[in-house]
Amino acid sequence: MNPVALVTGASRGIGRGIALELARIGHDLVINYASNREAATATAVDCVAAGHEAGHSIRAEPCRADISEATDRAALLDFTRATFGRIDLLVNNAGVAPNVRADLLEAGEESFDRLMRINVKGPYFLTQAVAKWMIEETRNPKSEIRRAGAEIHVPKIVTVSSISAYTASVNRGDYCVSKAALSMLTPLFATRLAEYGIQVFEIRPGVIATDMTGPVKEKYDRLIAEGLTPMARWGQPEDIGRAVAAIAQDRLPFSTGEVINVDGGFHLRTL
Ligand code: NAP
């Protein structure tokens, strides 16, 4: 049996890049999305093809769920159980930027609440629910997670935060605060879940070419050309996907709670 990954916000952008890389290493997938069914279906089809190309027979199933809604989160896990009967990897990727970038002195509560609901509350409680399921499975001697063929798959949780977790952008303070809060999820759950052998990681992307950064493409083109990042290029969804795949393939067996920067060196201080 293939290991199963649930990737939130996998219809487009970084989530799609993660799903494709996981397909290439033989994971079955739940392709979560909020509203764009067409994109989610296309990603699922492309994942099956990518898996096949890499020699794996995999399944990829789209599932609509707004991760900020408790009933939708429960339905998403019910769907995963009913479809695959197990979960090996949760990737908390879904997230949103403010609809309007507003100055720190003017920005309103509505945008703040929206970002905290989707970027923080959604992944926090989805992780809580998935963690309980994973713990249940680690105690189950007949667990499929523990014996997928001859291989033992260590359950894992990966959360996609952002360089905005520590970088002040005064025209989207709400986003920065939401990503800083989200960053606390990984040390918390890594500590709590270590005794069950569940690994927890944070991936911190830099500037990645997706729909989210589409509206500011020219600004970032200029900043990258001027030396924003030691590696002078845009990140691609595949860059994040490959980092998640390394974790999924047990390349970091004695690590948990780690932050993995995938940002072309943006986080380096230089003099
Ligand atoms: P994107 O291209 O805008 O895609 C967002 C994805 O999240 C879509 O699949 C969307 O589904 C889904 N989504 C949005 N709200 C949701 C909700 N309430 N419930 C479930 N799914 C939801 O964004 P992206 O650039 O790939 O960003 C993905 C993650 O990386 C986000 O957490 C973002 O903060 C983070 N990040 C991005 C960058 C960057 O430069 N792009 C940098 C650092 C971190 P639909 O297709 O149905 O709308």
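Quick notes
- Sulfur and carbon atoms: percent of accessible area, the range 92-133 [1.4 Å]: 54 percent
- Above-threshold pairs, the threshold being 23 Å between Cα atoms, out of LYS156/LYS217; LYS121/LYS217; LYS179/LYS217: LYS156/LYS217; LYS121/LYS217
- The candidates LYS121, LYS217, LYS156, LYS132, arranged from most to least accessible area with a 1.4 Å probe in the full protein assembly, appear as LYS132, LYS217, LYS121, LYS156.
- For CYS63, the residues whose amide H sits under 5 Å from its own are ILE31, ASN32, TYR33, ignoring neighbours fewer than 5 places away on the same chain, with H placed 1.01 Å from N.
- Most mobile listed residue (ALA34, ALA194, ALA74) in the chain, GNM with C-alpha springs under 10 Å: ALA194
- Accessible surface of ASP66 - all protein chains present, 1.4 Å probe, nearest 10 Å²: 50 Å²
- Sorting GLU137, GLU61, GLU106 by solvent-accessible area of protein heavy atoms yields GLU106, GLU61, GLU137, largest first, with a 1.4 Å probe.
- Summing +1 for each Lys or Arg and -1 for each Asp or Glu among the other residues whose beta-carbon sits under 14 angstrom from that of THR256 gives -1.
- Net charge over other residues, Cβ less than 10 angstrom from the Cβ of ALA102 (K, R count +1; D, E count -1): -1
- Gain on full extension, evaluated as 0.36 nm per residue between ALA246 and ARG114 minus their Cα-Cα distance, stands at 44.3 nm.
- Each Lys or Arg adds one and each Asp or Glu subtracts one; over the other residues with Cβ under 15 Å from the Cβ of SER68, this totals -1.
- For a label point 7 Å along the Cα-to-beta-carbon line of GLN128, residues of the range 76-103 with backbone N under 19 Å: 76-78, 90-94
- Of the residues ALA60, ALA19, ALA180, the one that moves most in a GNM of the chain with alpha-carbon contacts below 10 Å is ALA180.
- Couplings for the range 114-119, taken from phi via the Karplus curve 6.51 cos²θ - 1.76 cosθ + 1.60 with θ = phi - 60°, read 4, 5, 5, 5, 7, 7 Hz in order; Gly and Pro are left as x.
- Based on protein heavy atoms only, the chain ends up with 49 Å² per residue of surface accessible to a 1.4 Å probe.
- Cα gyration tensor of the chain - equivalent ellipsoid semi-axes, whole Å, descending: 30, 20, 19
- Whether the range 109-231 is rounded, prolate or oblate, judged on the alpha carbon gyration tensor where a/c under 1.5 counts as rounded: prolate
- In this simple spin-label model, placing a label point 7 Å from the Cα along the Cα-to-Cβ direction at both HIS267 and LYS219 gives a separation of 2.3 nm.
The values are calculated or read from the model by the stated rules, or taken from the named source; none is laboratory data. Just so it is clear, the model here is predicted, and its values are computed rather than measured. Heads up, the Cβs are rebuilt from the backbone with ideal geometry, glycines too, and the neighbour counts pull from every protein chain shown. When the accessible area is computed, the model is the full protein with side chains, heavy atoms only, and any ligands, DNA or RNA have been set aside. Shrake-Rupley method; radii C 1.70, N 1.55, O 1.52, S 1.80 Å.
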